[in-house]
Amino acid sequence: QVQLVESGGGLVQPGGSLRLSCAASGVAFRLYAMAWYRQAPGKQREFLAVITNGGSTTYTDSMKGRFTISRDNGKNMVYLQMNSLKSEDTGVYYCNTNLSGKAYWGQGTQVTVSS
């Protein structure tokens with residue numbers, strides 16, 4: 001079955017950087033778009049970025065210029081490089097893909113931005 005496993009979260013100071021990773025299995029990875037979402041404390045899960053199977057990217061406006069999504073089809077990995085982190089970036093970050101109308105999610109990785 002499809003499995004998504006995020007990693008790379010942690011505690012970082014404001015202005016710092018983190019690179020999140022998502023390992024996918026059970027899916028023909030190179031055929032599908034992959035996305036990152038975030039759920040901040042007390043808020044709904046929000047879309048951050050998506051990368052198509054062809055490598056085209058789309059970001060929510062607030063992330064443009066700070067976050068970069070990328071993928072390595074040879075390794076079945078998708079990444080989220082996060083720079084200039086702010087306290088409001090704190091939350092649980094989730095990897096996502098959709099197959100035949102069904103959404104799949106990882107367990108999430110916690111990112112805490114604090115001094």
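Output the residues belonging to region 2-16 that are in a strand (DSSP E or B) and closer than 13 Å to GLN107 by Cα. Answer for region 2-16, where residues must be in a strand (DSSP E or B) and closer than 13 Å to GLN107 by Cα: GLN3, LEU4, VAL5, GLU6, SER7.
Put simply, of THR58, THR68 the only residue that is free of Cβ contacts under 8 Å to residues at least 40 places away in the same chain, under 13 Å from the mean Cα position of the chain (by Cα), more than 17 Å from GLU6 (Cβ to Cβ) and surrounded by 12 or more Cβ atoms within 10 Å (Cβ to Cβ) is THR58. Of all residue pairs spaced 6 or more apart or on separate chains, those with beta-carbon atoms under 8 Å, a first member in region 77-91 that is more than 11 Å from PRO14 (Cα to Cα) and open to solvent by less than 30 Å² (accessible area, probe 1.4 Å) and a second member that is part of a helix (DSSP H, G or I) and modelled with pLDDT of 95 or more are MET82/ASP89. Here THR90, THR60, THR97 are screened, and the one residue that is of a type outside the set (A, V, I, L, M) and over 19 Å from VAL111 (Cβ atoms) is THR97.
The values are calculated or read from the model by the stated rules, or taken from the named source; none is laboratory data. This structure is a prediction, so every number in the text was calculated from the model and none was measured. Quick reminder, even Gly has a Cβ in these numbers, built from the backbone with ideal geometry, and neighbours come from all protein chains shown. Areas reflect the complete protein model, heavy atoms only, side chains present, ligands, DNA and RNA absent. Shrake-Rupley method; radii C 1.70, N 1.55, O 1.52, S 1.80 Å.
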